[in-house]
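> Structure in structure tokens, see below.
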Amino acid sequence: MNTTHFTNTRFSKRFRKSKAALPALVYIFLVIVIAVFCYPLSTDDSADADTVLMEIGTRKPGFSCYMLKKYYPQNEVEQSTLNYLIHGRIRDAELLPIVSYQFKNDSVIVQHILDDQNTETLAFSISQLLQARNTPANIEASLVLKRNFWLGTDRYGRDVFSRLLIGSRVSMAVGFIAVIISLFIGVLLGALSGYFGGKIDQLVTWLINVIWAIPTLLLVFAITFALGKGFWQIFIAVGCTMWVGTARLIRGQVMSLREMEYIQATKVMGFSSARIIIKHILPNIMGPTMVLAASNFATAILIEAGLSFLGIGVQPPTSSWGLMIKENYNFIITNHPMLAIIPGIAIMLIVLAFNIIGNALRDALDVKG
């Protein structure tokens, strides 16, 4: 396809009228890349960045220190690249935060961090740290690493930057899966109701009105309590409560299109109802559906964050932006407000980006313009 021709289409011209649309699209793409490659990008690439180091809890952004590795007494486990990208690195050592270290013969002497003000001197033999592993060529690189905490640490000494990156995966996954579920249910019921009418329309309309009358959060609470708390349950709970708006939109669009002359012509030609709906009606209502999908994506992220904040969404130690706010909101009135503000800003930016994209799509796909 000719790129110049594509950029000159009516849709692209209207979409580019919104000056904020392209930056929002780039930001969403960047967050998606971060969500996929969150572990390689994190300074703490262990599962959920859940390395608890109480000695360095609530440190300010920019804090850094050395870590002494004390290997676990177990056989080394080979980990595939795919497993690493999905679950993070398998821990093979305990980390000890230190200020300084010095190697002497077959031992290492370190200044172990106790708290903000105090340290203690500890000595370890290299064989004790390696736990019967083969002595590496570069002992210092194998036993000591420097860790930078770009956004500081939370009350448990966990890296806020790493947990923020990994939390993006939950938010994007909830938005994506919830939108897929809501579109599948909403498009199916809305298309059947709008095309066939009659008793099917009455039944679907009654179901829509019943679900619509129940506040979204209360319905999500009920589904969550029924399915249990967890990572996958929250996807289903959010997705199964967002289909109502989609069904209403699709129903109205299909009802208006089914009376068009080209649809009547397909009926005369003997096409099946399924073929008419799938090939001739649904492609012509993709515009409003895309706009609604962008809006639902932002709504799903907000609902997930709210549920995690209330403690019935994603459960610890899984990293989630809403859960990060819940764990640190009391620091807002102390000298560490950024622990709660940072994930709040992350939620605000991604929701704003999807809303901007939704508005730009609405303007670009407006058939009245």
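The values are calculated or read from the model by the stated rules, or taken from the named source; none is laboratory data. What you are looking at is a predicted structure, and each value in this text was computed from that prediction instead of being measured. Ideal geometry is used to build each Cβ from the backbone, glycine not excepted, and the neighbour counts take in all protein chains shown.
> From (1) surrounded by fewer than 13 Cβ atoms within 10 Å (Cβ to Cβ); (2) out of contact with any Asp or Glu (no Cβ under 9 Å at 6 or more places or on another chain); (3) part of a helix (DSSP H, G or I), pick out the condition that doesn't hold for SER127.
Of the numbered conditions (1) surrounded by fewer than 13 Cβ atoms within 10 Å (Cβ to Cβ); (2) out of contact with any Asp or Glu (no Cβ under 9 Å at 6 or more places or on another chain); (3) part of a helix (DSSP H, G or I), the odd one out for SER127 is (2).
> Might you let me know whether the stretch 123-130 holds any residue that is touching a strand residue (DSSP E or B) at 6+ places or on another chain (Cβ under 6 Å) and in contact (Cβ under 8 Å) with a residue 60 or more places away in the chain?
Scanning the stretch 123-130, I find at least one residue that is touching a strand residue (DSSP E or B) at 6+ places or on another chain (Cβ under 6 Å) and in contact (Cβ under 8 Å) with a residue 60 or more places away in the chain, so the answer is yes.
> Same structure, new question: With the condition kept exactly as written, say whether any residue in the stretch 307-326 is buried (at least 19 other Cβ atoms within 10 Å of the Cβ), modelled with pLDDT under 90, in a helix (DSSP H, G or I) and among the aliphatic types (A, V, I, L, M).
yes
> Can you give me the ranges of the helices (runs of 4 or more DSSP H) entirely in the stretch 164-273 with at least 3 residues that are among the basic types (Lys, Arg) and farther than 30 Å from PHE149 by Cβ?
Passing ranges: none, list empty.
> Looking only at residues in the stretch 141-157 that are part of a loop (DSSP other than H, G, I, E, B) and among the hydrophobic types (A, V, I, L, M, F, W, C), which one is surrounded by the fewest Cβ atoms within 10 Å (Cβ to Cβ)?
The residue in question is TRP150.
> Further question: Could you pull out the residue among ASN118, ASN138, ASN83, ASN105 that is surrounded by 11 or more Cβ atoms within 10 Å (Cβ to Cβ) and either outside the structural domain of ILE325 (by TED's automatic domain parsing) or under 28 Å from PHE37 (Cβ atoms) (or both)?
Sole residue among the options that is surrounded by 11 or more Cβ atoms within 10 Å (Cβ to Cβ) and either outside the structural domain of ILE325 (by TED's automatic domain parsing) or under 28 Å from PHE37 (Cβ atoms) (or both): ASN83.
> Ok, one more. Only residues that are loosely packed, with under 15 Cβ neighbours inside 10 Å and in contact (Cβ under 8 Å) with a residue 24 or more places away in the chain: list them for the stretch 213-228, please.
LEU217, PHE225, listed by residue number.
> Looking only at the stretch 294-322, which residues are touching a Gly at 6+ places or on another chain (Cβ under 6 Å) and of a type in the set (A, V, I, L, M, F, W, C)?
Answer for the stretch 294-322, where residues must be touching a Gly at 6+ places or on another chain (Cβ under 6 Å) and of a type in the set (A, V, I, L, M, F, W, C): ALA294, PHE297, ALA300, ILE301, ALA305, LEU307, PHE309, TRP321.
> Considering each residue of the stretch 18-75, count those that are charged (D, E, K, R) and free of Cβ contacts under 8 Å to residues at least 12 places away in the same chain, and give that number.
Number of matching residues: 1.
> While we're on this one: Can you pull out every residue in the stretch 341-369 that is small (Gly, Ala, Ser) and either modelled with pLDDT under 90 or loosely packed, with under 14 Cβ neighbours inside 10 Å (or both)?
Listed by number, the residues that qualify are GLY358, ALA360, ALA364, GLY369.
> Considering THR224, THR216, THR246, which residue is touching a helix residue (DSSP H, G or I) at 6+ places or on another chain (Cβ under 9 Å), among the hydroxyl-bearing types (Ser, Thr, Tyr) and within 19 Å of PHE196 (Cβ to Cβ)?
It is THR246.
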